[in-house]
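Written out below as structure tokens is the structure these notes cover.
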Amino acid sequence: MNSREHILSSALNLYNKNGYEAVSLRSVAEQTGISHGHLRHYFPGREFLASSILNDFLAEHDQIPLQTDQKNILQSIQERLQFQYHLIWKYRFLFIDLVHLSRKNPKFKKHFQEEYTKRFSRMKDIFFKMEKEGILAFGGKSRPAEILFSQMFLISTYWVSEAAVLGMRREAAVRHYSRICLDLFLPYLSEKGRELYLALK
């Protein structure tokens, strides 16, 4: 692990433990075992640290697989949600402190908005593929797909804040909230879709 990676790892641990606002660059330097000046050589301010950690999250998130050609696509979505939620837990301060980070850092806010648009386009294609295969029933309309995505994105973004307040442990929280997110499909499932849903563990 090089110096930059070590700094980011220390910052992530501190932000997750104490919250973004409570952690100074000096405390990150102390945790890393380097001088304040050395840290500022890599990251002149906290916003640069937060943006770099966000980029690391997005890079890891883009590697999460979704096999849409599997026999049970709902199982593929369930597995992807669990991978995604474990990753969100790893970077949980980004979500718990999301509003504060967005207000303080316009680039952070822009990144988040771009991710929303990108993921909506990707998921909309998957939804309509599922409708074409007789798993979902949107009646050929785009509005139900938009509502479903918005609900899934909302839960995926804010579940970790609720879990933190409730004192939930990672494994229990991931299972609980990923299943809630998956259950959002229920009102739109066809008979075939419900059979696939009932086959899930």
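A few comments on the model shown:
- In segment 181-199, the residues that are surrounded by fewer than 15 Cβ atoms within 10 Å (Cβ to Cβ) and either in contact (Cβ under 8 Å) with a residue 12 or more places away in the chain or touching a helix residue (DSSP H, G or I) at 6+ places or on another chain (Cβ under 6 Å) (or both): K192, A199
- Top-ranked residue in segment 145-163 [being more than 15 Å from the chain's Cα centre (by Cα) and among the hydrophobic types (A, V, I, L, M, F, W, C); ranked as nearest to Q75 (Cα to Cα)]: L148
- Given (1) within 19 Å of the chain's Cα centre (by Cα); (2) part of a helix (DSSP H, G or I); (3) at pLDDT below 90; (4) closer than 26 Å to Y197 by Cα, index of the condition K129 fails: (1)
- Selected residue (criterion: farthest from H111 (Cα to Cα)) from residues of segment 46-65 that are surrounded by 13 or more Cβ atoms within 10 Å (Cβ to Cβ) and of a type outside the set (A, V, I, L, M, F, W, C): R46
- Helices (runs of 4 or more DSSP H) contained in segment 1-119 and holding at least 3 residues under 30 Å from L200 (Cβ atoms) and among the acidic types (D, E): none
- Test: residue in segment 144-152 that is loosely packed, with under 12 Cβ neighbours inside 10 Å and farther than 21 Å from H61 by Cα: no
- Considering residues of segment 153-175 that are in a helix (DSSP H, G or I) and of a type in the set (G, A, S) only, the residue surrounded by the fewest Cβ atoms within 10 Å (Cβ to Cβ): A172
- Remark: R40 matches the filter, which requires a residue to be in the same structural domain as S10 (by TED's automatic domain parsing), at pLDDT 90 or above and in contact with a Leu (Cβ under 7 Å, 6 or more places away or on another chain).
- Subset of segment 22-45 (residues that are within 20 Å of Y91 (Cα to Cα) and either of a type in the set (K, R) or loosely packed, with under 13 Cβ neighbours inside 10 Å (or both)): A22, S24, G45
- Criterion (outside the structural domain of S9 (by TED's automatic domain parsing), over 27 Å from L14 (Cα atoms) and acidic (D, E)) met by exactly one of E162, E133: E133
The values are calculated or read from the model by the stated rules, or taken from the named source; none is laboratory data. Note that the coordinates shown come from a computational prediction; the quantities given were computed from them, not determined experimentally. Heads up, the Cβs are rebuilt from the backbone with ideal geometry, glycines too, and the neighbour counts pull from every protein chain shown.
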